[in-house]
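Reading through the structure tokens given below for one structure.
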Amino acid sequence: MECEDVVSLSGLRTICRYEELTKIDEISLRNYATKTRSFFGSTARDFDDDANAEWLIRSYLSLKYVLASTVLGTSAMHAETENLKVTLPYLNYYTMFNCARAFIFSLPCVDWKGEKSIEMTHQNIINTTGDKLRRVDDAVASAVKSRLLTGQQQRELFSYRFPASGLNIFQDDLLLPVQAIETARLLAELAQFNLACLEAAVRKHTDQNFKVGGQDNLWDLMRYDTKTSELIDDADYHRVGYFIRKYRYPSELISLGTHGLLEDFFGAWVDEREHPDCYNPDDDWNLLLDFG
């Protein structure tokens, strides 16, 4: 399929340039699009301020997980180049895992349970991802779940046991950054596609003008509880406040990811010493989603 064909299946005019979704069997993707748009059609017909808040939470978290995976993926490529092999099992796994979370949060067939959804276990996320990807294609679902499990196992081996032979223990089964990035991009594009379907449905079935209701739940976007303290992130607070003022209906990920938001997010990982050979998070903002 061509990128333009994938865009048209969502029902939303968008400038998103899909890459991995164009590789999926056309009939399979068309069936997936039909089911997803049908789910979101029902959602849109009953849309209200509380639903607008729920999908803001889900969409903002999906966006942040995709951006987090972008930092992890570009870090993995830099680590591979600089022979920082010890970091690769961690970086590869979480590059994929965060995009799996983004995919799940964007699904109309997965109920939102607030903190319980945010705190899903790794195994639950991997199993749910594999199960829901069957709506796209059985072979794709099997391949993605297998790669997630491989990444998890390789990360855990170096978190808890640490073989003396290093990454050589995996031989030909070693997960490479390019493979992790490919899987992450597929999941990120599906999250983008799902939310494009939602935006198209709300535009079609409503007057597209909602407030953000249920604002107490929005604290889940900026509050981070640790065992020793409760942290409030200023950048999240600023962004959430902006969306409360501006978010009148759901939006696809590439529209949520404004230049200012991207600049601030990746800027948090810039080396202030400006060493010429250090990792630069600004090298490839579009690794997983093409934000333009």
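List of remarks:
- Considering residues of segment 207-254 that are at pLDDT below 90 and among the acidic types (Asp, Glu) only, the residue nearest to the chain's Cα centre (by Cα): ASP220
- Looking across segment 8-26, just one residue is more than 18 Å from the chain's Cα centre (by Cα), assigned to a helix (DSSP H, G or I) and crowded, with 18+ Cβ neighbours inside 10 Å, and that is LEU9.
- Helices (runs of 4 or more DSSP H) (entirely within segment 114-207) containing at least 1 residues that are in contact with a helix residue (DSSP H, G or I) (Cβ under 6 Å, 6 or more places away or on another chain), hydrophobic (A, V, I, L, M, F, W, C) and open to solvent by less than 10 Å² (accessible area, probe 1.4 Å): 122-133, 138-160, 177-205
- Filtered residues of segment 29-61 (kept if of a type in the set (D, E, K, R) and under 21 Å from the mean Cα position of the chain (by Cα)): LYS35, ARG37, GLU54, ARG58
- Subset tally (residues that are in contact (Cβ under 8 Å) with a residue 12 or more places away in the chain and closer than 23 Å to SER117 by Cβ) for segment 217-253: 18
- THR95 vs. criteria of a type outside the set (A, V, I, L, M) and farther than 30 Å from LEU157 by Cβ: no
- Given (1) touching a residue at least 24 places away in the same chain (Cβ under 8 Å); (2) in a helix (DSSP H, G or I); (3) touching an Asp or Glu at 6+ places or on another chain (Cβ under 8 Å), number of the condition ASP5 does not satisfy: (1)
- Which numbered condition ARG185 fails, given (1) farther than 25 Å from SER62 by Cβ; (2) touching a Cys at 6+ places or on another chain (Cβ under 9 Å); (3) not small (Gly, Ala, Ser): (1)
- When residues in segment 262-292 are screened for being part of a helix (DSSP H, G or I) and either open to solvent by 90 Å² or more (accessible area, probe 1.4 Å) or of a type outside the set (Phe, Trp, Tyr) (or both), 4 of them pass.
- For VAL71, the conditions (1) within 26 Å of LEU9 (Cα to Cα); (2) crowded, with 19+ Cβ neighbours inside 10 Å; (3) hydrophobic (A, V, I, L, M, F, W, C) all hold with the exception of (1).
- Residue list for segment 160-193, restricted to those being of a type outside the set (A, V, I, L, M, F, W, C) and either closer than 17 Å to THR74 by Cβ or without any contact (Cβ under 8 Å) to a residue 12 or more places away in the chain (or both): TYR160, ARG161, PRO163, SER165, ASN168, GLN171, ASP172, PRO177, GLN179, GLU182, THR183, ARG185
The values are calculated or read from the model by the stated rules, or taken from the named source; none is laboratory data. Source: prediction; values computed, not measured. Quick reminder, even Gly has a Cβ in these numbers, built from the backbone with ideal geometry, and neighbours come from all protein chains shown. Accessible surface is based on the protein model in full, side chains and every heavy atom, while ligands, DNA and RNA are left aside. Shrake-Rupley method; radii C 1.70, N 1.55, O 1.52, S 1.80 Å.
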